[in-house]
1. When B:Val82 is evaluated against the numbered criteria (1) more than 9 Å from every other protein chain (Cβ to nearest Cβ); (2) outside any helix (DSSP H, G or I); (3) under 20 Å from B:Tyr305 (Cα atoms), which criterion, by number, is the only one it fails?
2. Being more than 9 Å from DNA strand D (Cβ to nearest atom) and either free of Cβ contacts under 8 Å to residues at least 24 places away in the same chain or of a type in the set (A, V, I, L, M, F, W, C) (or both) is the filter here, so list the residues in region B:1-38 that pass it.
3. I want to confirm something. Restricting to region A:172-187 and keeping residues that are in a loop (DSSP other than H, G, I, E, B) and over 25 Å from the mean Cα position of the chain (by Cα), which single residue is surrounded by the most Cβ atoms within 10 Å (Cβ to Cβ)?
4. Run down B:Ser11, B:Ser16, B:Ser26 and say which single residue is polar (S, T, N, Q) and in contact with a helix residue (DSSP H, G or I) (Cβ under 8 Å, 6 or more places away or on another chain).
5. I'd like the full set of residues that are acidic (Asp, Glu) and either without any contact (Cβ under 8 Å) to a residue 24 or more places away in the chain or in a helix (DSSP H, G or I) (or both), limited to region B:216-233.
6. (1) assigned by TED's automatic domain parsing to the domain that holds A:Ala5; (2) among the β-branched types (Val, Ile, Thr); (3) within 22 Å of B:His88 (Cβ to Cβ): which one isn't true of A:Thr29, the others all being true?
7. Restrict the check to region B:19-35 and report whether at least one residue is charged (D, E, K, R), out of contact with any Ser or Thr (no Cβ under 7 Å at 6 or more places or on another chain) and within 15 Å of DNA strand C (Cβ to nearest atom).
8. Can you say whether B:Asp273 is within 20 Å of B:Lys143 (Cα to Cα) and either modelled with pLDDT of 95 or more or within 19 Å of the chain's Cα centre (by Cα) (or both), as far as the supplied structure shows?
There are 2 protein chains.
Amino acid sequence: MIDVAREAGVSAMTVSNVINGRPGVSPETRLRVLATISRLGYKVNHAARHLRTGRTGAVGLIVPDIDRPYYAQLARRLADVVERRGLHLVVERTGGNAERELEAISFGRLRKYDGVIISPLHLDAADLEHLRFETPVVFIGEKPVPKRFDHVMMDNVGGARMATHHLLSTGSRRIAIIGGRHDDHVDDMPSLRTRGYRQAHAEFGVEVDERLVVEVESFDPGSGARSLKHLYDSGVAFDGVFALTDAAAMGVLRALADLNIDIPGEVQAIGFDNDEETEFLVPRLSSVEPCNDAMAERILEMLEYRMAANGDDPRDVPEPATTIVNSQLVLRESTRR
Amino acid sequence: MIDVAREAGVSAMTVSNVINGRPGVSPETRLRVLATISRLGYKVNHAARHLRTGRTGAVGLIVPDIDRPYYAQLARRLADVVERRGLHLVVERTGGNAERELEAISFGRLRKYDGVIISPLHLDAADLEHLRFETPVVFIGEKPVPKRFDHVMMDNVGGARMATHHLLSTGSRRIAIIGGRHDDHVDDMPSLRTRGYRQAHAEFGVEVDERLVVEVESFDPGSGARSLKHLYDSGVAFDGVFALTDAAAMGVLRALADLNIDIPGEVQAIGFDNDEETEFLVPRLSSVEPCNDAMAERILEMLEYRMAANGDDPRDVPEPATTIVNSQLVLRESTRR
DNA sequence: GTGAAAGCGCTAACAC
DNA sequence: GTGTTAGCGCTTTCAC
């Protein structure tokens with residue numbers, strides 16, 4: 001920058017003013033400086049600017065996994081919203097283990113960002129209790145976080161309730177839940193969705209057969225397919241399947257096809273997440289739409305409040321809030337009407 | 001940091017040495033400093049460190065889209081490899097328009113990273129001709145880039161040749177190519193794969209009916225399904241389909257199911273990319289595996305060479321290289337044997 | 001409308 | 001084994 005200043009016969013300050021489009025530079029000077037900048041191929045050093053101003057122009061999204069459609073699609077939506085505000089989104093993944101999650105969010109790495117969106121998977125409220133961030137942070141996902149943080153989550157219980165409700169109201173009485181939990185007292189995704197499943201059963205006065213609650217080690221298609229086959233082989237009868245994610249549901253559809261079971265005639269099936277692909281499966285999969293667009297908007301709204309308030313008058317710092325975004329049933333061919 | 005130094009009764013330099021695990025600090029001092037650090041809740045400021053050392057510990061991946069399974073899965077693989085080397089990967093997306101691609105790679109934003117992997121979609125060799133990066137860069141993908149850059153790409157032509165070859169050798173003679181190009185003289189993904197398709201036909205002495213070459217506006221399942229229906233409605237007969245991506249192939253399978261066409265008896269189908277989901281489609285989709293693991297390894301190998309060489313003796317800076325990673329056929333239920 | 005000085009938080013190089 | 005000095009490239013402040 002001082003090179004540019006010297007070449008253009010002005011001070012570094014003036015160059016800085018030109019670059020940042022600040023007023024108070026005469027048109028001729030501005031032009032001369034701009035010409036020199038492009039002639040010398042000068043580029044601002046973001047690290048220095050960051051060191052000085054504390055702003056980076058970047059919003060971080062920290063997720064357990066980047067290749068799961070759910071996170072990938074959420075990332076895209078957030079990127080849209082972030083870019084509309086003149087910032088850009090960068091995504092980091094933790095690989096879904098507690099230690100790496102802590103590392104990603106604790107050791108000053110957040111300072112690279114003006115604001116951060118974190119989706120914890122293994123960290124729970126106790127781990128987060130001691131943490132203080134100097135960067136504005138919004139938590140997303142179903143893991144409970146301390147009340148002093150902003151938190152946006154989807155309505156897992158409500159969505160699962162609706163899905164199960166639909167299967168029950170269209171005649172299913174023995175609904176397998178793939179990925180469910182026998183003990184649903186921890187607030188994670190499987191437990192919350194299992195709770196919705198149980199609520200719907202309670203509303204219909206139908207008893208849940210615990211043998212239909214199938215725990216899984218992961219939520220990919222492979223494990224969905226294996227679980228369903230295992231359930232079938234164990235001889236437990238079922239006439240409906242609620243898979244806790246669309247990825248798992250994909251495996252379920254595949255396994256039902258292998259078993260020559262008619263969908264939705266013999267067994268109806270429903271997923272959760274409304275991934276873009278579900279509409280093209282055979283049969284087209286009914287699912288629960290988590291309204292990620294609304295969620296993305298809400299997340300950024302909260303983050304912006306905090307980012308705006310950061311460093312300012314502590315009086316107008318917003319109260320931490322928890323938002324639950326409604327979900328919505330999308331019915332396709334894998335369920336009856 | 002000076003706060004910590006003062007509190008611990010040492011100099012800032014010693015604190016720095018402790019933080020970075022450098023030798024030459026006595027155990028007692030080290031312990032005292034560490035205690036003070038945690039008592040004061042001190043965190044290193046990465047911006048300052050970056051400003052001073054020029055290293056950030058981050059590798060950037062810049063892709064057109066983050067929610068396409070192909071990029072998402074590539075990102076995961078790269079993240080694995082990057083993390084094995086003690087760095088971490090951050091992903092940015094450009095949204096797939098030329099201006100934003102340029103912005104992402106040109107305006108000094110790359111300085112946030114020790115090395116960058118770029119997958120251009122709209123920028124071509126001419127746009128890149130003038131660019132000089134001070135950050136080590138490896139290009140990926142099929143867009144041609146100037147020779148002075150490192151470039152890793154998969155074997156699009158070979159993979160498409162193999163896929164088409166298999167359909168021909170199992171009896172198909174009228175193979176539709178979804179996403180193909182009538183004019184395949186530009187080096188982009190569709191053109192390269194179309195070239196492989198034509199090569200295989202030439203080897204078999206089968207003439208290509210240009211009506212079977214179906215151009216598409218995008219490579220998602222929706223457009224795959226629409227294209228296939230449109231082809232069918234137009235009355236052009238076909239007994240095989242090569243979809244240029246698995247996403248498009250997914251739509252093709254869906255459309256064939258809607259038309260009650262038996263796969264692979266009447267029409268056999270094959271995709272490209274070997275996305276994880278393809279194994280669970282109905283029927284299971286045959287595809288071309290681009291060997292992304294090998295590609296990820298190779299990309300990082302090249303990037304590391306450059307990162308190591310950066311700033312050093314110009315004699316041992318490696319020559320720019322272009323690597324083509326082989327692809328491989330994966331046969332499942334959607335094709336005959 | 002423009003410039004000079006100071007300093008953001010860190011570390012390389014060298015002195016003690 | 002530890003401290004001192006200087007400076008990375010920018011912007012804030014205030015003087016001109």
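The values are calculated or read from the model by the stated rules, or taken from the named source; none is laboratory data. Computed from a prediction, not measured in an experiment: that's the story for all the values here. Cβ placement follows ideal geometry from the backbone for every residue including glycine, while neighbour counts extend to all protein chains displayed.
1. So the condition that B:Val82 fails would be (2).
2. B:Met1, B:Ile2, B:Val4, B:Arg6, B:Ile19, B:Asn20, B:Gly21, B:Leu31, B:Leu34, B:Ala35, B:Ile37, B:Ser38
3. Let us first name the residues in region A:172-187 that are in a loop (DSSP other than H, G, I, E, B), namely A:172-174, A:179-187.
Narrowing further to those that are over 25 Å from the mean Cα position of the chain (by Cα): A:172-174, A:182.
Values: A:Ser172: 24, A:Arg173: 15, A:Arg174: 17, A:His182: 11.
Result: A:Ser172.
4. Numbers: B:Ser16 fails: in contact with a helix residue (DSSP H, G or I) (Cβ under 8 Å, 6 or more places away or on another chain); B:Ser26 fails: in contact with a helix residue (DSSP H, G or I) (Cβ under 8 Å, 6 or more places away or on another chain).
Of the residues listed, the single one that is polar (S, T, N, Q) and in contact with a helix residue (DSSP H, G or I) (Cβ under 8 Å, 6 or more places away or on another chain) is B:Ser11.
5. Within region B:216-233, the subset acidic (Asp, Glu) is B:217, B:220, B:233.
Correct list: B:Glu217, B:Asp233.
6. Condition (3) is where A:Thr29 drops out.
7. Residues of region B:19-35 that are charged (D, E, K, R), as a first pass: B:22, B:28, B:30, B:32.
Right, trim to out of contact with any Ser or Thr (no Cβ under 7 Å at 6 or more places or on another chain) and you get B:22, B:28, B:30, B:32.
Narrowing the set further to residues that are within 15 Å of DNA strand C (Cβ to nearest atom) leaves B:22, B:30.
There is at least one residue in region B:19-35 that is charged (D, E, K, R), out of contact with any Ser or Thr (no Cβ under 7 Å at 6 or more places or on another chain) and within 15 Å of DNA strand C (Cβ to nearest atom).
8. Numbers: within 20 Å of B:Lys143 (Cα to Cα): yes; either modelled with pLDDT of 95 or more or within 19 Å of the chain's Cα centre (by Cα) (or both): yes.
Spelling it out, B:Asp273 is indeed within 20 Å of B:Lys143 (Cα to Cα) and either modelled with pLDDT of 95 or more or within 19 Å of the chain's Cα centre (by Cα) (or both).
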